[in-house]
Amino acid sequence: AAPVQVQLVVPMAVVFGPGSVPGDLPKPLPFRDVQEMEISVNLRASVTSRYEMRYRSTTAREEAALAAATAREADAALHPLRDTTLGSLTMYVVPETSSLLPQGINVYVGKHRSALVRAGGSLAALQARLREVAQVMSFTASSIAAALSDRVPDGQLSPDARRYLKSSLGYEITFSLLNPDPKSHTVDWDIEGAVNRYVKPVLDKLSLVANFSVDSQILYYAVLGVTPRYDKESSSFLLSAHSLPHVINPVEARLGSSAASLYPVLNFLLYVPERSHSPLYIQDKDGAPVSTNAFHSPRWGGIMVYNVEAPASPQASLPLHVDVDMARVMEVFLAQLRLLFGLSWEEVPSEFLLESPGNEGLADWELDHLLWAHTVENIATVSTTLTSLAQLLDKIGNIVIKDDVASEVYRAVASVQSAVTKLSLGHLHAAFQASKEAVTSSERAFFDPSLLHLLYFPDDQKFAIYIPLFLPMAVPILLSLAKIVRESRQRKKEPTKMD
């Protein structure tokens, strides 16, 4: 595939509050500074990150906001005062002695696109800290490597890189309730209400990244493909970590939605175990119970086991009526959704405090995190698609490329160039939109029906098809030609009569 050369530019404002300016600033505020870093992916992709920092002092209104009692209040008060462009960051530097940040915490990352950073004494110490914050809030080397995972040798990838969903123009989310034992349990779940309350705010925010569709279903008599082990001590049934992969295949055969889908499907399954296997608990690799009683499968979705309380009296009439606690279930499913999109907080240093995004499900900077990664991935995908198309057309000598296919290729190339340019200007949103248009155009060109039938109609097939058709007609034509030649030769041999 063609090499990918991208420069990712992050516009950053570094705002010094009163009493936080380091003594060793090279020049008086305000001034600009640029920090560049090479993200080593592989030989075929060079990605440079460039942080364009504007150092300045706080305005009177920002100073008033920083005088709030807690970091959360300060973040809320600063939000209307700052630049909200996608992909831009604002760092507010507070004095080392500031009580805004709790003890042992040096960085507070807010819900939006700003952070509070404790001054580190010298400018060098502060810059090292700012670089760490900027990477958490925009992109890390590992998130870019994961986006380019198709071009990176396996050994260089973090184990999480294969877990994330590939960039797509859309995703389909299916919530399924599995009731394998309807004779014992009548299960009710208010999935519509839960989707509107918990899932919709998250998807509204993610609508910038892709289109989402949500549906739900209830499947009866759908059982897990593994028989759980009975544990006498706890008088419960256990599913061990190594048997979890075998759970999915038999269930997936019943789901039946991904076959007809254009887009990747995310499956979230709520499994109410049958009465003969209740209660059922999931164990991790060390044999300890998993607190959420759920597990997720990379790029596929997640399954949660929902145990039903046994009736107090054994004479209770069956089936038991079960009302699912949707708040508990959706908390697990949304956490799994974040994991699948690569929005986990596992890599964050201990001195960082991250504000919970609340019912929106993800902070503004996390949305940017996705946009950075997906833009780079889209650019790489388009360059691979167009390279493959060019190689294909080279192999087929007599292919006719229609004008509309050619124009899609030109549009894809122009859109990719536009995306790369916009990235180097720090315009994340415009770059992402251009990269999406490039993907659409390159795929339209690659899968154009006019190219498709020529792929399956090579030259040797033409001979095989046409020779039987033309042979019967060709025989009399060839015989008559031979006759004409013979007669003309004879005519030449006969001497002309002289009177």
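Structure notes:
- The amide H of Ile39, built 1.01 Å from its N in the peptide plane, has Val47, Thr48, Ser49 as neighbours under 5 Å, considering only residues 5 or more places off or on other chains.
- Per residue, the chain reaches -12500 deg cm²/dmol at 222 nm when only DSSP H runs of four or more residues are counted, each adding -39500 (n - 2.57).
- R0 of 30 Å, Cβ-Cβ distance Phe463-Gln490: FRET efficiency to nearest 0.05: 0.25
- Rel. contact order, % - alpha carbon contacts under 8 angstrom, at least six apart, the chain: 16
- Loop-located trypsin sites (Lys or Arg not before Pro) in region 367-426 (DSSP state other than H, G, I, E, B) with a sparse environment of at most 15 neighbouring Cβ atoms within 10 Å: Lys402.
- Charge dipole (debye, nearest 20) of the chain; +1 at Cβ of Lys and Arg, -1 at Cβ of Asp and Glu: 2080
- Accessible surface of the chain, 1.4 Å probe, proportion on carbon and sulfur as whole %: 56
- Computed from the alpha carbon atoms alone, the convex hull of the chain holds 262 Å³ per residue.
- Principal-axis analysis of the Cα atoms of the chain puts helix 459-493 at an angle of about 20° to the longest axis.
- Taking region 64-100 and a reference point 7 angstrom along Cα→Cβ of Glu360, the backbone N atoms nearer than 14 Å belong to 75-88.
- Long pairs among Lys395/Lys462; Lys205/Lys436; Lys166/Lys422; Lys111/Lys205; Lys111/Lys436, criterion Cα-Cα beyond 20 Å: Lys166/Lys422; Lys111/Lys436
- Karplus-derived 3J(HN,Hα), 6.51/-1.76/1.60, for each residue of region 78-93, Hz, glycine and proline x: 7, 3, x, 8, 10, 5, 10, 4, 4, x, 9, 10, 10, 10, 9, 8
- For region 170-341, the Cα-based Rg and Dmax, in that order, read 16.3, 54 Å.
- The H on the amide N of Gly170, modeled in the peptide plane, is under 5 Å from the matching H of Asn211, each at least 5 residues off or on a different chain.
- Cα convex hull volume per residue for region 17-132 (Å³): 125
- Gyration tensor over alpha-carbon atoms, region 366-455, equivalent ellipsoid semi-axes in Å: 28, 11, 10
- Centroid-to-centroid, using Cα positions, region 251-286 and region 64-136 are 42 Å apart.
- Å² per residue, accessible surface of the chain at 1.4 Å: 52
- Positive dipole terminus of region 366-455, leading residue within Ser435, Ile379, Gln417 (C-beta point charges): Gln417
The values are calculated or read from the model by the stated rules, or taken from the named source; none is laboratory data. Since the model is a prediction, treat every value here as computed from it, not as a measurement. Cβ coordinates were reconstructed from backbone atoms using ideal geometry, including for glycine residues, and neighbour counts include every protein chain displayed. The area values use the complete protein model at the heavy-atom level, side chains included, leaving out ligands, DNA and RNA. Shrake-Rupley method; radii C 1.70, N 1.55, O 1.52, S 1.80 Å.
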